[in-house]
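What follows is calculated from the coordinates using simple rules that are stated; it is not laboratory data. Computed from a predicted model, the values in this text were never measured in an experiment. We place every Cβ from the backbone using ideal geometry, glycine too, and count neighbours over all the protein chains shown.
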Amino acid sequence: MAADIRSELKALLRAALEAVAPECGATAIQLERPRQAGHGDFACNLALQLAKPLKRSPRDIAARLVAELPPSPLVVRAEVAGAGFINFTLTPAARRQVVHAVLAQGADYGRSALGGGQKVQVEFVSANPTGPLHVGHDRGAAYGASLASLLDFAGYRVTREFYVNDAGRQMDILALSTWLRYLELHGSTLPFPENAYRGDYVRAMAAAMQKAHGAHYRRDPARLLDGAPEAAADAEGHLDALIAGAKRLLGEDYAYVHDFALTEQLSDARDDLAQFGVHFDVWFSERSLFDTGLVEQAVARLAAQGHVYEQDGARWFRSTAFGDEKDRVVQRENGLYTYFASDIAYHLNKYERGFDRIIDIWGADHHGYIPRVKGAVEALGLDPGRLEVALVQFAVLYREGRKTSMSTRAGEFVTLRELRQEVGNDACRFFYVLRKSDQHLDFDLDLAKSRTNENPVFYIQYAHARIASVLAQWAGEPARLATVDLSPLAAERELALCARLAEFPEVVENAARECAPHLVAFHLKELAGEFHSYYNAERFLVDEAKLREARLALCLAVRQVLANGLAIIGVSAPDSM
RNA sequence: GCGCCCGUAGCUCAGCUGGAUAGAGUACUUGGCUACGAACCAAGGGGUCAGGAGUUCGAAUCUCUUCGGGCGCGCCA
């Protein structure tokens, strides 16, 4: 609807341009929505753009353009303003028609064909399954989930994916940690390494393992230390020796312990995220890349292209040839592939799955990783332009005015679960999306907890609930409002509200283009604000039937847009609070 | 040292591909419930858009530079 008005106005301007300056007929015509109400519904800067090539004053050109504008039933006034803007004021009927559009399209209002059905993959969270999700992950979860919904709404076919790092040393450390706690339950007094996973959840897993299998995985802890360096002298070496010892003593049972811990953590993460309203279509296993030989193949493919060389016994990818700072090891001296190697394979796999766009959402601390991954993609002969990396800055948590430190291994962190319970799902989701993702963020826990009613999410939900309440008291049939006569909506406040509704599809497209769901959140805040003003200024359930129904139709349209927007952000739209 | 991100009101943050007098929330000061929900509304004060230079009709926005902050620079993941 709004797009129709835009294209109509552009056509008018195009015609005027042909009459005034045919030699500049190729100039792109830009329409924007002025901030100030006095500047009409749409503004065009065409005359300002033409000033230089035509060597005439912008206001003069604007006046000529206005004089040549063909008449239109949508436009009540076109005038020159400011430095040479052309401001269009629409007729009230044109401004009101959006209400019918919203009510007719319902939950689909704002849906766009921008994506053209392209396949896009959004990979996010992808946390190591070595402990509960914590506040270092939830911002990425909220952003990724909202972005995925947004792109879906904007006409893309979206796959939401979680990459499971189930192949590395960190998983071995978790398995070891769990097993050591399990041995403690069976009387072991072996000192627990400082640098192993110390969180209580590890003890819980050990207890679960004991409950399910009794002493089946018990081994003599004294034999575990054979040949291990002193923890004090070489903490990491000590840990590796313990892992080797665990594998030696457990034999084939090691795989069970390992997978037990992995499965526990993964299902915990899955539940946690599901309760946060975050769902994935694919949980992609890193280990599967090794099992299917894809890591080997990917490196071989790089080597075949001449991008791999040997040095110091290791094999290196020449990423400097693709803009990276230094070359990177893909296969270590000990024969093991690096995490980077499996990541190359993973991205190769992503391309092979035929996505038109691949969006990786990473924590900002991984920014240095971008050139090597893009470089590898390019080296494989793939189009690096299809791969986009969105960085999410970490939220810094403050408790009683002090920064809270986070360490998974030390077990000191605020979990996503705790944060959700303290702040609430809706507020939490909204809070994160209300910030631009690449902006640093201070999260004051005490403020979020003690004054949740100050969170803007309630402001928006309240508007939704208020409308629901009014409609309930009206007790009429909402479907009937879809075709009601809107002409009683003549007040400036009502027409401004209509304009805000008409903007929603533009906001969706813009937000999708920018991968910026926060734009949707801000738009909803403004819409809710204008509605609250309206609510306080006018009564809806008035005696005069035509006016009452027109106003209720507008309210219903507002409620619909609020609901559609909140759905993108992953926040509920309650009828009562 | 090199690279990436950032610096806007006391605080937390918006500001769309450069547009008109830089905006919200919060805090502070006032006013509004015998009302369709006061988790709301109305009004007020509060700014060298970190500093400087450049690009042009026009800069918070683009370029360069200085200062300040965050992060990254492993045969870790």
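Could you state the number of Å between the C-alpha centres of segment A:62-111 and segment A:462-496? Rounded to whole Å, the Cα centres lie 23 Å apart.
Determine the dipole magnitude for segment A:1-140: charges of +1 sit on the beta-carbon of Lys and Arg, -1 on that of Asp and Glu, nothing else is charged, the reference point is the Cα centre, and the result goes in debye to the nearest 20.
On the way: 16 positive and 12 negative charges, 54 e Å.
Computed about the Cα centre, the dipole is about 260 debye.
Here the Debye sum runs over all C-alpha atoms of segment A:442-555 as equal scatterers in vacuum, and log10 of I(q)/I(0) at q = 0.10, 0.22 Å⁻¹ comes out as -0.38, -1.26. Relative to the longest principal axis of the Cα atoms of chain A, the long axis of helix A:294-304 lies at roughly 80 degrees.
Candidate cross-link partners of A:LYS55 among the aspartates and glutamates, defined by an alpha-carbon separation under 14 Å and a same-chain spacing of 8 or more, comprise A:GLU23. Across segment A:246-291 the C-alpha pair distances fall into 10 Å bins from zero in the proportions 23, 39, 27, 10, 0 percent.
Relative to the dominant Cα principal axis of chain A, helix A:200-213 is inclined by about 60°.
Distance from the C-alpha centroid of segment A:288-322 to that of segment A:522-577: 57 Å, rounded to the whole angstrom. In terms of its C-alpha gyration tensor, segment A:231-352 has an oblate overall shape, because the principal axis ratio a/c (a ≥ b ≥ c, square roots of the eigenvalues) is not below 1.5 and a/b does not outweigh b/c. With N as its number of residues, chain A has a Cα radius of gyration that, divided by 2.2 N^0.38 Å, comes to 1.21.
Each peptide in A:216-222, A:253-259 gets a packing score, the mean of other Cβ atoms within 10 Å over its residues, and the list from highest to lowest is A:253-259, A:216-222.
Model label points for A:ASP226 and A:ALA83, set 7 angstrom from Cα along the Cα-to-Cβ axis, are 8.1 nm apart.
Fully extending the segment from A:ASP271 to A:ASP60, taken as 0.36 nm per residue of separation minus the present Cα-Cα distance, adds 69.5 nm. At full extension, A:ARG332 and A:ALA300 could sit 10.0 nm farther apart than now, given 0.36 nm per residue minus the alpha carbon distance. In chain A, taking the dipole from charged Cβ atoms about the Cα centre, the farthest positive-side position among A:ALA345, A:HIS279, A:ALA511 is held by A:ALA511. Magnitude of the charge dipole for chain A, about its Cα centre and with charges confined to Cβ atoms of Lys, Arg (+1) and Asp, Glu (-1), is about 1280 debye.
Would you calculate the convex hull of the Cα atoms in segment A:194-268 and tell me its volume per residue in Å³? Walk me through the numbers on the way to the answer.
Details: hull volume 7.2 nm³, N = 75.
Output value, Cα hull per residue: 96 Å³.
The label point for A:TYR339 and the one for A:ASP281, both projected 7 Å from the Cα toward the Cβ, are 2.7 nm apart. Summarised in one figure, the compactness ratio Rg/Rh of segment A:39-192, Cα atoms and Kirkwood Rh, is 1.35.
Across all directions, the shadow cast by the convex hull of segment A:166-316 built on its C-alpha atoms averages 12.3 square nanometres.
Can you figure out the FRET efficiency of A:ALA113 with A:HIS216, using R₀ = 60 Å and their beta-carbon distance, to the nearest 0.05? Mind dumping the intermediate values first?
Working: r = 58 Å, r/R0 = 0.97.
So, using R0 = 60 Å, E works out to roughly 0.55.
If R0 is 25 Å, the Cβ-Cβ spacing of A:THR483 and A:ALA537 corresponds to a FRET efficiency of close to 0.45. With 22 Å as the limit on Cα-Cα distance, the pairs of A:LYS436/A:LYS525; A:LYS525/A:LYS546; A:LYS119/A:LYS374 that go past it are A:LYS525/A:LYS546. Ranking of A:ASP327, A:ASP138 by neighbouring Cβ atoms within 10 Å, starting from the fewest: A:ASP327, A:ASP138. Which residue, chosen from A:SER177, A:ALA490, A:THR159, occupies the Cα position most advanced towards the positive end of the dipole of chain A, where the dipole is computed from +1 (Lys, Arg) and -1 (Asp, Glu) charges on Cβ about the Cα centre? With unit charges placed on the Cβ atoms, the residue in question is A:ALA490. Axis of helix A:545-569 versus longest Cα principal axis of chain A: the two differ by about 30°, to the nearest ten degrees.
Taking each residue as 0.36 nm, the span from A:GLU252 to A:GLU418 lengthens on full extension beyond its C-alpha to C-alpha distance by 56.1 nm.
Packing, as the average of other Cβ atoms within 10 Å across residues, places the peptides A:66-75, A:115-124 in the order A:115-124, A:66-75, highest first. Listed by chain and number, the lysines whose C-alpha is less than 30 Å from the C-alpha of A:LYS211, apart from same-chain residues fewer than 8 away, are A:LYS247. Highest mean first, the peptides A:181-189, A:562-570, A:196-204, A:349-357 sorted by other C-beta atoms within 10 Å per residue fall in the order A:562-570, A:196-204, A:181-189, A:349-357. Each Lys and Arg adds +1 at its Cβ and each Asp and Glu adds -1 at its Cβ; summed about the Cα centre, segment A:246-394 shows a dipole of about 460 debye.
With an 8 Å Cα cut-off and a minimum separation of 6 or more residues, compute the relative contact order for chain A in percent. Present the calculation step by step, with values, prior to reporting the outcome.
Working: 905 pairs, mean separation 97.0, N = 577.
That works out to 17 percent.
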